[in-house]
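The values are calculated or read from the model by the stated rules, or taken from the named source; none is laboratory data. Computed from a prediction, not measured in an experiment: that's the story for all the values here. Using ideal geometry, Cβ is built from the backbone for each residue, glycine included, and neighbour counts are taken over all protein chains shown.
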Amino acid sequence: MDNQRRFWFLGGALFFAVLGQYFLFQKDLSWTLGPGLAFFLTAILLFIAPGSNKLSYPLPQGRLSSKAEWTGAVLTGLLALFFRLYHIQSVPPGMTVEETFWSWLGSNVSASHWAEYYPTGLAGTFADVPCLASLWFHLFKPSHLSFSLFYVFLSMLSFPLGYFFFRELSGPATALLTLWFWAVMQWHVSLSRNGHPAITILIYILGALLFHRLAWKQGKIFFWVLAGVFLGLGFYAYPAFRACLLLLPLFLFYEYRLDPSQRRFPLVRVLLLLTVFFAVSGNCWIAMWNQQHWITGTTKDNNFVGRQVVEEKSLRPLWRNISQTLLAFQRTGSYSTQENIPSHRLLDDVTGVLSTLGFFLAAWRWRERKYFYAIVGVTVLSFPCLLSDQPLHTSRMLGVAPFVAYLAALAAIEIWERTASSRIARKLTLGLGIGAALLGVSENFKTYFVDRPQNEACWREAGVAPMKTGQAIAGLGDQYEYYLSPTFFGQYTVLFLGHSQIGHLHFLDTPGCFHYLSPPPERGLFFILQEGRTGVLKVLQGLYPGGVTEKLMDPWSRPYLYFFSVPAEACSPSRFFPLDPARSWKGTYWTSNAQPVLTQSDPVLNYSYRDDFPVKNASSLRVEWLGTLHPEKVGLYHFLMVASDHTKAEMEVNGKKVAALANQEAGFSMERKDYRVVIRYQREGGFESVFHLAWKPPGADHYEIVPPEALK
């Protein structure tokens with residue numbers, strides 16, 4: 001095939017790949033999937049067509065000078081650092097409890113607690129993060145910034161290991177391109193910044209692979225030992241690392257059977273690697289034996305797709321996993337707001353196109369080392385999602401990220417080499433490459449730093465309220481006794497940030513918090529309430545008129561957190577706001593059809609969280625509230641009972657059922673007289689429990705929680 005036809009093949013491959021990418025990322029239009037896949041298939045066939053890759057002027061691997069290589073590596077490393085440090089204290093805006101838990105645990109594992117933590121804590125998965133965190137937070141005070149920098153530091157440790165590993169496979173040019181694709185990949189940036197414990201698996205995977213490759217290349221025992229150490233340490237990390245156990249046998253197979261330069265299998269050295277591995281990971285194996293958890297170690301997350309296959313008696317669940325995992329890169333990604341904009345694809349357009357072409361190029365040339373390692377790495381490290389009942393799980397697939405970048409780099413180098421015979425084609429390729437690089441950077445930047453902060457779901461589930469709660473406690477220190485709504489009490493983010501006041505944190509329960517509270521003489525009272533608990537806040541404001549209310553507003557100008565502070569000199573409750581049981585709802589609580597488990601007076605019906613209810617941890621809950629309303633104004637009152645899913649609610653006024661179901665308005669004309677009201681609430685199943693009784697009196701323009709003053 002002459003050079004001109006080769007250029008037409010290459011141009012056609014890139015054209016159809018871009019066209020396929022254009023159709024694939026339009027996930028909201030279901031009909032675009034078929035054309036997108038068809039165009040990509042055409043691009044792949046043109047890219048690997050027989051004869052299209054017979055190069056006249058291949059790019060020598062040693063073409064880059066040492067100065068150019070290290071300059072490129074440093075600049076790319078700085079780019080990676082920029083993407084992980086830019087607006088680090090505002091994006092993401094908070095700290096989620098799942099991520100903060102490991103840092104909170106680590107901050108408590110001080111020198112005096114190691115002996116207590118060691119027997120159990122160091123025996124299972126995730127133990128690496130608390131151990132590393134214990135060292136980090138021994139040096140740095142726990143805060144949002146130090147928390148974020150800790151995970152950024154861990155994420156950056158994997159870059160030099162990855163660079164040298166891919167450099168050993170394909171030379172400095174490909175390694176630099178791999179580093180660049182990886183540095184700006186918003187998928188990795190997201191998990192680097194939000195504190196996910198999966199970020200450490202790349203350190204162990206790439207460390208084990210790098211030293212395994214050096215061990216084969218140089219034959220030094222030192223490298224075999226280091227490979228075993230990294231492999232063993234990875235067993236204490238996020239469970240997705242364990243797919244790496246399948247990688248090394250396959251790479252051993254390649255080095256011995258497919259590489260003609262290998263003459264003898266190094267049995268003694270491999271046994272040394274295994275000995276070191278089992279010595280380092282021994283505690284974890286013992287724990288797995290004792291608890292019979294062989295996939296994820298000492299956790300209970302054994303969600304294997306085989307269970308669904310057996311239940312459905314079909315391989316369709318496995319096929320769904322494969323298809324969803326493949327489409328996650330370029331069409332529909334994870335729905336988890338903690339790891340991704342819901343359903344947003346994992347890759348930008350440039351990386352998506354090149355990694356797809358690179359994958360099939362590697363499959364076509366699988367006998368060459370650099371391609372064999374690439375195709376096996378991507379495939380095996382996808383197993384945690386492919387074999388899971390939750391395939392769209394970004395963190396479980398994190399091990400794939402650097403290999404995806406490597407595939408994109410292989411394709412980019414291939415394109416560059418195929419244009420070596422034409423100066424015009426080279427200039428055009430260089431121009432397109434620079435444009436593609438800028439496009440990739442801008443897309444990743446926009447996705448993470450522009451689109452994600454503007455996504456309401458991402459903001460609301462980013463753990464902003466717990467973080468602000470912990471920061472307020474840490475900042476105010478010894479001035480107050482702190483009463484936290486149940487959603488914040490005992491929450492790990494609050495404990496992590498507010499650890500200095502751990503002995504002064506109290507559970508804000510109703511109606512207990514409405515009675516006289518007597519803090520130490522030098523301390524005031526500080527109440528923290530989550531979004532929606534305006535009824536409880538109003539009662540507290542009436543009880544302590546000397547208090548100060550602060551509302552924290554979200555980016556959409558809605559309050560999401562309330563601080564109510566009462567200075568020490570204003571802590572005596574108001575004589576003009578007696579908590580009369582007559583001005584309360586008589587609440588009777590059942591957890592079954594038997595006798596009630598609790599009867600109490602509830603001044604307001606204002607529950608925003610399952611533990612706001614006085615009955616905790618009940619799988620089912622039934623409540624009947626009795627009260628007497630005596631409205632001040634005559635006219636039409638609108639009532640609204642706000643409740644969560646899996647609930648029923650009804651309202652009776654003077655024995656007449658009002659047409660008011662949960663989350664539906666109901667109007668009722670009232671005069672200045674007594675109205676006997678019965679509220680019935682029932683929850684069966686579900687996780688959340690929410691209930692608010694709100695009304696809109698005549699002339700009012702918004703709903704508010706029915707206050708105690710309206711009761712008689």
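Hey, does segment 516-529 have a residue that's of a type outside the set (Phe, Trp, Tyr), farther than 29 Å from Ser146 by Cβ, free of Cβ contacts under 8 Å to residues at least 24 places away in the same chain and not assigned by TED's automatic domain parsing to the domain that holds Leu598? Walk me through how you get there before you give the answer.
From segment 516-529, those of a type outside the set (Phe, Trp, Tyr) are 517-525, 528-529; that's our starting set.
Imposing the further condition that a residue be farther than 29 Å from Ser146 by Cβ reduces the set to 517-522, 525.
From what's left, free of Cβ contacts under 8 Å to residues at least 24 places away in the same chain: none.
Taking every residue of segment 516-529 in turn, none turns out to be of a type outside the set (Phe, Trp, Tyr), farther than 29 Å from Ser146 by Cβ, free of Cβ contacts under 8 Å to residues at least 24 places away in the same chain and not assigned by TED's automatic domain parsing to the domain that holds Leu598.
Of all the criteria given as (1) closer than 30 Å to Gly587 by Cα; (2) in the same structural domain as Ser90 (by TED's automatic domain parsing), the one not satisfied by Gln454 is (1). If you filter segment 394-428 down to residues that are outside any helix (DSSP H, G or I) and more than 27 Å from the chain's Cα centre (by Cα), you find that the one that is surrounded by the most Cβ atoms within 10 Å (Cβ to Cβ) is Thr419. Just to be sure, is Glu99 surrounded by 20 or more Cβ atoms within 10 Å (Cβ to Cβ), in a helix (DSSP H, G or I) and either modelled with pLDDT of 85 or more or not assigned by TED's automatic domain parsing to the domain that holds His499 (or both)? Answer is yes for this residue.
Out of Leu202, Leu210, Leu191, report the one residue that is assigned to a helix (DSSP H, G or I) and over 19 Å from the mean Cα position of the chain (by Cα).
Details: Leu202 fails: over 19 Å from the mean Cα position of the chain (by Cα); Leu191 fails: over 19 Å from the mean Cα position of the chain (by Cα).
Of Leu202, Leu210, Leu191, the one residue that is assigned to a helix (DSSP H, G or I) and over 19 Å from the mean Cα position of the chain (by Cα) is Leu210.
Filtering segment 383-393 to residues that are surrounded by fewer than 24 Cβ atoms within 10 Å (Cβ to Cβ) and either over 27 Å from Glu99 (Cα atoms) or touching a residue at least 60 places away in the same chain (Cβ under 8 Å) (or both) leaves Phe383, Leu386, Leu387, Ser388, Asp389, Gln390, Leu392. Looking across segment 40-57 at every residue that is within 15 Å of Ala362 (Cβ to Cβ) and either modelled with pLDDT under 80 or not in a helix (DSSP H, G or I) (or both), the one that is nearest to the chain's Cα centre (by Cα) is identified as Ile48. Residues that are buried (at least 17 other Cβ atoms within 10 Å of the Cβ) and part of a loop (DSSP other than H, G, I, E, B) within segment 598-620 comprise Pro603, Val604, Leu605, Ser608, Tyr609, Phe613, Pro614, Val615, listed in sequence order. Considered as a group, the residues in segment 310-326 that are free of Cβ contacts under 8 Å to residues at least 40 places away in the same chain, of a type outside the set (Ser, Thr, Tyr) and part of a helix (DSSP H, G or I) include one that is surrounded by the most Cβ atoms within 10 Å (Cβ to Cβ), and that residue is Leu326.
Cβ separations smaller than 9 Å between residues 6+ apart or across chains give the following pairs from segment 447-460 residues that are of a type in the set (D, E, K, R) to residues that are surrounded by fewer than 17 Cβ atoms within 10 Å (Cβ to Cβ): Glu456/Asp554; Glu456/Pro555; Glu456/Trp556; Arg460/Asp554. Can you name every residue in segment 288-337 that is of a type in the set (Gly, Ala, Ser) and at pLDDT 75 or above? Gly306, Ser314, Ser323, Ala328, Gly333, Ser334, Ser336 - these are the residues of segment 288-337 that are of a type in the set (Gly, Ala, Ser) and at pLDDT 75 or above.
Hey, any hits in segment 258-267 for a residue that's modelled with pLDDT under 85, part of a helix (DSSP H, G or I) and closer than 30 Å to Arg367 by Cβ? Yes: one or more hits.
Restricted to segment 71-95, and to residues there that are closer than 18 Å to Gln186 by Cβ and assigned to a loop (DSSP other than H, G, I, E, B), the residue that is nearest to the chain's Cα centre (by Cα) is Pro92. The number of residues in segment 487-535 being among the aliphatic types (A, V, I, L, M) and surrounded by fewer than 17 Cβ atoms within 10 Å (Cβ to Cβ) comes to 1. Residues in segment 139-164 that are over 28 Å from Glu69 (Cα atoms) and among the small types (Gly, Ala, Ser): Ser143, Ser146, Ser148. If you scan segment 438-480, which residues turn out to be over 26 Å from Trp102 (Cα atoms), buried (at least 21 other Cβ atoms within 10 Å of the Cβ) and in contact with a strand residue (DSSP E or B) (Cβ under 9 Å, 6 or more places away or on another chain)? Answer for segment 438-480, where residues must be over 26 Å from Trp102 (Cα atoms), buried (at least 21 other Cβ atoms within 10 Å of the Cβ) and in contact with a strand residue (DSSP E or B) (Cβ under 9 Å, 6 or more places away or on another chain): just Tyr480. If the requirement is being surrounded by fewer than 22 Cβ atoms within 10 Å (Cβ to Cβ) and either among the aliphatic types (A, V, I, L, M) or modelled with pLDDT of 95 or more (or both), which of these qualifies: Ile221, Ile201, Ile205? The conditions single out Ile221.
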